[in-house]
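Quick notes on the structure that follows.
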Amino acid sequence: AHTEPLRRYFLSGNYEADLNQDNPFGTGGELAIQFAHLMDDMWGVSAKRRNVRGTSSETNYSYSSSSAVYPRSFKYCLGKQAEQFVGYDQHDLQELATYLLDVLHKDTNRVTSQNKGKTNEMMSPPKKAWTLHLQREDSKVLNISWVK
């Protein structure tokens, strides 16, 4: 919620164009949609404005701590997709963050077919491996998560 590029991606609605509902490893886009709704609630974007949210980089979203947000729908969806998060037991934050970023990536993966990749033979082994990886895995979440 406080990673600005990720927050802007979901608040702007840009994630909707990238939803990969056919990825068998994702949640059919369900968790990404619930995460976006949670961001909307946390950052004060009303449901009426969801289709007209600012997409400009100058758009400033202000976090409002004046009201409570109850993430029931998000929590229900999370538990439905990953049974280790069902109930209200205490969990490791790192485990949740890793799971959430992975699923958000899979739900917004722009690669829809897993073709055999081609690379330039003159590339260094690390660059070749990364190029092949991006031919299978390419999402805004991955780009934001990865420090270049």
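Could you calculate the FRET efficiency of Y76 with S113 from 1/(1 + (r/R0)^6), where r is the beta carbon distance between them and R0 is 30 Å, rounded to 0.05? Walk me through the numbers before you get to the answer.
On the way: r = 32 Å, r/R0 = 1.06.
Here the calculated transfer efficiency is 0.40.
For a quick protection proxy, order the peptides 75-88, 123-136, 27-40, 96-109 by their average other-Cβ count within 10 Å, most packed first. Mind dumping the intermediate values first?
Details: 75-88: 14.4, 123-136: 12.4, 27-40: 20.6, 96-109: 19.1.
Most protected by this proxy first, the peptides run 27-40, 96-109, 75-88, 123-136.
Rule-based calculations on the coordinates, nothing more; no lab input. In this text, all values refer to a predicted model and were calculated from it rather than measured experimentally. Positions of Cβ are backbone-derived with ideal geometry, glycine not excepted, and every protein chain shown enters the neighbour counts.
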